[in-house]
Amino acid sequence: MSGVELVMLACCDLGGVVRGRSLPADELPGQMEAGVGWVPANHALTPLGGLAEPNPFGSTGDLRLRPDADTHTRIDGEEPVPAFELVLCDIAGTDGAPWECCPRTFLRGALAELESELGATLRASFEHEFQLMGTLAPALPFSLEAQRVAEPFASRVMAALADVGVQPERFMPEFGEHQYEIPVMPADGIAAADRSVIFKEVVREIARRCAMRASFAPLAKPDGPGNGAHVHFSLVDSAGASMLYDPAAESGLSALALRFAAGILAHADALSALTAPSPTSAARLTPHHWSAGAVALAPRNREALLRIPPLLTLGRLDAARQARLEYRAADAAANPYLVLGAIVRAGLDGVRRELPAPPLLDRDPSQLEGADAERFRVGGLPRSLDDALGALEGDKTARAWFSPLLYDAYVSLKRAEIEATAGEDLAQRCARYARVY
Ligand code: GLU
Ligand code: MG
């Protein structure tokens, strides 16, 4: 193949966009320590293009993108497309000290608290849904036809994901038009968020090679399906056992799990500003989208913000290893490091305050009325990004998870997106964000 093979040293920015600088791949070994240059104001670039104004960075300052060798990802090229190569980076000062606005550093801080306070490691996976935009023939939800019309993408993407170590589990035609989902195995700590970033970029790359585009947009059309990024997570102890599991409890959840869940529910509104953060995201979270129609904890219920997935005993599966919670109000507009860091901090707050176990929702929330509907907060998440940012601002505990600079940068970015889409109706916003994510 002619040309120079390029490797991008990249970070996932506050708007969930992967950005960076590329160098010839044969220079990578020599740059692993020093990385490449980066600019603070890059963290004020909005997903719609252009800089958020005002932003706290201005024109000054210098940073480095410092690669983490564990994230090195490469897919062979095939004429005429050269190899796809990427390494995820920490954002650091020119002396190598962590930068306070680096999303990986944010998550590391939360993971350190989890370890020191509970002796726990976070084990998590993101369950991304996406739609293939191109000239696909129509096919019915979950049908074999829907899988076959997506070939050769389907088999090629599974091979590429396995090759780069993302550990894909299944290829699923989903409910919506040209919508698919590929669950992946969980990973520990920061690798879980790295895996979400790498997953999306590999899916996009293989779609491009198949002359299609993969869109992870939260809602590509107002009346279409949502593309969720549900977060499955557990806490494991040093022996690798799930700390969320209690076989004696009716829910299967330990006292620790219930407090952790209560913390997430208590901060749910503020969390949504981080986990579902585009001007189209809130519309996906309304009832009947199978996303998060009730701000509640519920066994096997796909309308609950926190779902307790079933524990299978078939095929000699080990229930303890499966015990986990599923946070359903996340989408691909979010930065996965901020998502996991915020979930951990919200859960830890519930543990510290010894919050009472949340009531378990046992039915479709659309059957609830009056006081019950209020108790389980049916349709309770903020109705817009503006409301979600208001909830974040009003939640002192959640605000303290951020350094003032990171908080300012995040809010100014999100405010710029609100402003840029202010004159548009939901359909126009959806179309615009479908092109971004
Ligand atoms: N598409 C739904 C969402 O936006 C999820 C459907 C499901 O897989 O349960 O979250
Ligand atoms: Mg799904």
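Structure summary
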{"quantity": "Candidate aspartates and glutamates - alpha carbon under 15 Å from Lys396, same-chain residues fewer than 8 apart omitted", "calculated": "Asp269, Asp349, Asp408"}
{"quantity": "Whether the stretch 184-286 is rounded, prolate or oblate, judged on the alpha carbon gyration tensor where a/c under 1.5 counts as rounded", "calculated": "oblate"}
{"quantity": "Inverse of mean 1/r across different Cα pairs in the stretch 393-437, Kirkwood, Å", "calculated": "12.3"}
{"quantity": "The stretch 2-85: GluC sites (Glu not before Pro) in DSSP coil with no more than 12 other Cβ atoms inside 10 Å", "calculated": "Glu33"}
{"quantity": "Packing rank of 385-392, 269-276, 130-137, 321-328, where each peptide gets the mean count of other beta carbons within 10 Å, highest leading", "calculated": "269-276, 321-328, 385-392, 130-137"}
{"quantity": "Qualifying aspartates and glutamates (Cα of each under 12 Å from Cα of Lys221; at least 8 residues distant if same chain)", "calculated": "Glu177, Asp425"}
{"quantity": "5 angstrom amide H check on Ala296, placed H, neighbours 5+ away", "calculated": "Leu305, Leu306"}
{"quantity": "The chain shape via C-alpha gyration tensor axes, a/c threshold 1.5", "calculated": "rounded"}
{"quantity": "Kirkwood hydrodynamic radius over Cα pairs of the stretch 51-128, then Stokes diffusion coefficient at 37 °C and 0.692 mPa s, in µm²/s", "calculated": "207"}
{"quantity": "Cα centroid separation - the stretch 404-418 against the stretch 356-390, whole Å", "calculated": "27"}
{"quantity": "The chain: antiparallel DSSP beta bridges as a percent of all, rounded to 5", "calculated": "85"}
{"quantity": "Ordering of 224-233, 107-116 by packing [mean C-beta count within 10 Å, highest first]", "calculated": "224-233, 107-116"}
{"quantity": "log₁₀ of I(q)/I(0) at q = 0.10, 0.12 Å⁻¹ - the stretch 260-395, Debye sum with one point per alpha carbon", "calculated": "-0.32, -0.46"}
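Read-outs throughout are calculated quantities, based only on the coordinates presented, and are distinct from any laboratory measurement. Computed from a prediction, not measured in an experiment: that's the story for all the values here. Heads up, the Cβs are rebuilt from the backbone with ideal geometry, glycines too, and the neighbour counts pull from every protein chain shown.
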